[in-house]
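The values are calculated or read from the model by the stated rules, or taken from the named source; none is laboratory data. This is a predicted model, so every value here is computed, not measured. Cβ placement follows ideal geometry from the backbone for every residue including glycine, while neighbour counts extend to all protein chains displayed.
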Amino acid sequence: MSFLAWIDFDQADRDRTRRIMDLFGQEDSRDELGLGSVRDALADLMFPGTSTIQTRLRYMLFVPWIYKMAGAHKGTAAARRDLARALEIRLIDALLRGGEAQNVIGSAAKEKLKRLPSDVYWAGLLTLGLRRFQGSRNACLEATPGEAAALWSAGLPPTPEDFLAAPGGAVNFTLTVEEAGFLRDRLAHAAPNSLITLLSRQTSAADCDMIWLHPARADWPANIQAIVGHAERFSCLMHGASLLYNLMLSEKAAGAQAMEKSSWHDRVETYTARLQTWASENKETLMGDWDLADLWQRSSETIHDVRSPSRSFIEAWRDIVLQTRGDVLSHAGARNLVRARETRLKGGKSRFTNDGALMRWSGASGTAPLGYRWKPVVSNHVKDLVDAR
């Protein structure tokens, strides 16, 4: 099979930068301790083709349909780009008219929308084989009519006749049985051994906060159970490091306040209580037999590079947690490890050494356990497949 490829560094760089900014704009999931490479490796192993900023699965079809419509326009490439954007904006109102009150990308910004659905789903479309070329959205619209047939998967469901045909039309997120079957086939072909492919075949969608709490976990193949086990352990382990980091910064900020009681003192109390709760959980059972070498090997099979300093930090933190049975609140070694890690990553912008950076801090960074895109993204995708009609 041959593939078409274009290079468009300017837009690709802009798209990548915007996605990074979106991720870091989510205060509670900021990666202050440099854990993102392991988190994203595990998420990709379980749920390839997804990202934290996806919302509903039918966008995987909306985007190709829009680009096929725009690509068929006989004007210039610039005119096709304008049409593609206009159709993506029209999609917002069409979904709202179709009764979709949530998960509509651009429902607030509308015409001012900067992060279009095509931006959000472009990488996933390639991963799952719905688009068959490696290139930017602009490059896609520069293809000639003869090249256009090779841009998208041959089995892509046809564009509905009335899809965005007029400004007053309506559409929704409900997949047809044919569309759901096609997406299942793409998952099975592109990622046959992944957890999302396994879940795509289910007849019901479980409602659980974390993927390791899924009621069918015990029935999953050993390979999938091993990856989910790594995800559970890593989320639990590093949640403690993140809580200690937030506590230490709050203590430093509180100490700099002239007033006897401030919001920083309240944060100290909050993070102390949360860290004590975390410490009360049984870490020995979860961490004692954890094969970190296997985690590093599996991570190396993805595009995410888990570098030696990150591995060393994680291994050292695991050893301290086992040694103290989770009681890291006043442990000098634990505090020194967290401080050294953040300082190494941020340099002169470290909040431990830069008072200005500390005072600009919001007071919460990375305080949520790692969820690996399960909720709401992947759980929504699985439910969309189950609810197809």
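Odds and ends about this structure:
- The set of residues in the stretch 99-126 that are among the hydroxyl-bearing types (Ser, Thr, Tyr) and surrounded by 21 or more Cβ atoms within 10 Å (Cβ to Cβ) comprises Ser118, Tyr121.
- When Gly366, Gly348 are screened for being touching a helix residue (DSSP H, G or I) at 6+ places or on another chain (Cβ under 6 Å) and either under 24 Å from Thr277 (Cα atoms) or assigned to a helix (DSSP H, G or I) (or both), only Gly366 passes.
- Residue list for the stretch 351-363, filter: assigned to a helix (DSSP H, G or I) and closer than 17 Å to Leu244 by Cα: Leu358
- Residues of the stretch 104-124 satisfying the condition of being under 18 Å from Leu87 (Cα atoms) and assigned to a helix (DSSP H, G or I): Lys110, Glu111, Lys112, Pro117, Ser118, Asp119, Val120, Tyr121, Trp122
- Taken together, the residues in the stretch 296-346 that are surrounded by 15 or more Cβ atoms within 10 Å (Cβ to Cβ) and either among the acidic types (Asp, Glu) or in contact with a Leu (Cβ under 8 Å, 6 or more places away or on another chain) (or both) amount to 21.
- Gly155 vs. criteria of a type outside the set (A, V, I, L, M), crowded, with 17+ Cβ neighbours inside 10 Å, more than 22 Å from Leu95 (Cβ to Cβ) and in the same structural domain as Glu88 (by TED's automatic domain parsing): no
- Residue that is nearest to Trp212 (Cα to Cα), among those in the stretch 280-306 that are acidic (Asp, Glu) and touching a residue at least 24 places away in the same chain (Cβ under 8 Å): Glu281
- Residues that are part of a helix (DSSP H, G or I) and of a type in the set (Gly, Ala, Ser), drawn from the stretch 39-83: Ala41, Ala43, Ala70, Gly71, Ala77, Ala78, Ala79
- Note on the stretch 165-215: among residues that are among the β-branched types (Val, Ile, Thr) and in a helix (DSSP H, G or I), the one that is farthest from Ala101 (Cα to Cα) is Thr197.
- In the set (1) buried (at least 21 other Cβ atoms within 10 Å of the Cβ); (2) at pLDDT 95 or above; (3) not aromatic (Phe, Trp, Tyr), the condition left unmet by Gly129 is number (1).
- Criterion applied to Leu113, Leu156, Leu91, Leu126 was being within 30 Å of Phe47 (Cα to Cα) and without any contact (Cβ under 8 Å) to a residue 12 or more places away in the chain, and the one residue passing it is Leu126.
- Contact annotation: residue pairs with Cβ atoms under 6 Å, 6 or more positions apart or on different chains, pairing a residue in the stretch 314-340 that is over 15 Å from Glu281 (Cβ atoms) with a partner that is surrounded by 18 or more Cβ atoms within 10 Å (Cβ to Cβ) and among the aromatic types (Phe, Trp, Tyr), are Val338/Tyr245.
- Tabulated pairs, the stretch 341-352, first modelled with pLDDT of 95 or more, second in a loop (DSSP other than H, G, I, E, B) and of a type in the set (D, E, K, R), C-beta under 6 angstrom, 6+ apart or interchain: none
- Filtered residue count, the stretch 178-205, keeping only those that are under 15 Å from Val377 (Cβ atoms) and either in the same structural domain as Gly155 (by TED's automatic domain parsing) or in contact with a Pro (Cβ under 8 Å, 6 or more places away or on another chain) (or both): 2
- Any hit, the stretch 94-107, residues being of a type in the set (A, V, I, L, M) and in contact (Cβ under 8 Å) with a residue 60 or more places away in the chain: yes
- Positions within the stretch 268-321 being in a helix (DSSP H, G or I), more than 18 Å from Val338 (Cβ to Cβ), modelled with pLDDT under 95 and of a type outside the set (Ser, Thr, Tyr), in sequence order: Glu284, Leu286
- Condition met for Ala143 (modelled with pLDDT under 95, surrounded by fewer than 16 Cβ atoms within 10 Å (Cβ to Cβ) and under 30 Å from Gly75 (Cβ atoms)): no
- Residue in the stretch 380-387 that is of a type in the set (Asp, Glu), surrounded by 14 or more Cβ atoms within 10 Å (Cβ to Cβ) and in a helix (DSSP H, G or I) present: yes
- Across the stretch 186-207, the number of residues qualifying as farther than 19 Å from Leu125 by Cα, exposed (fewer than 15 other Cβ atoms within 10 Å of the Cβ) and under 20 Å from the mean Cα position of the chain (by Cα) comes to 1.
- In the stretch 125-164, the qualifying residues are those that are in a helix (DSSP H, G or I) and out of contact with any helix residue (DSSP H, G or I) (no Cβ under 7 Å at 6 or more places or on another chain), and the one that is nearest to Gly181 (Cα to Cα) is Leu126.
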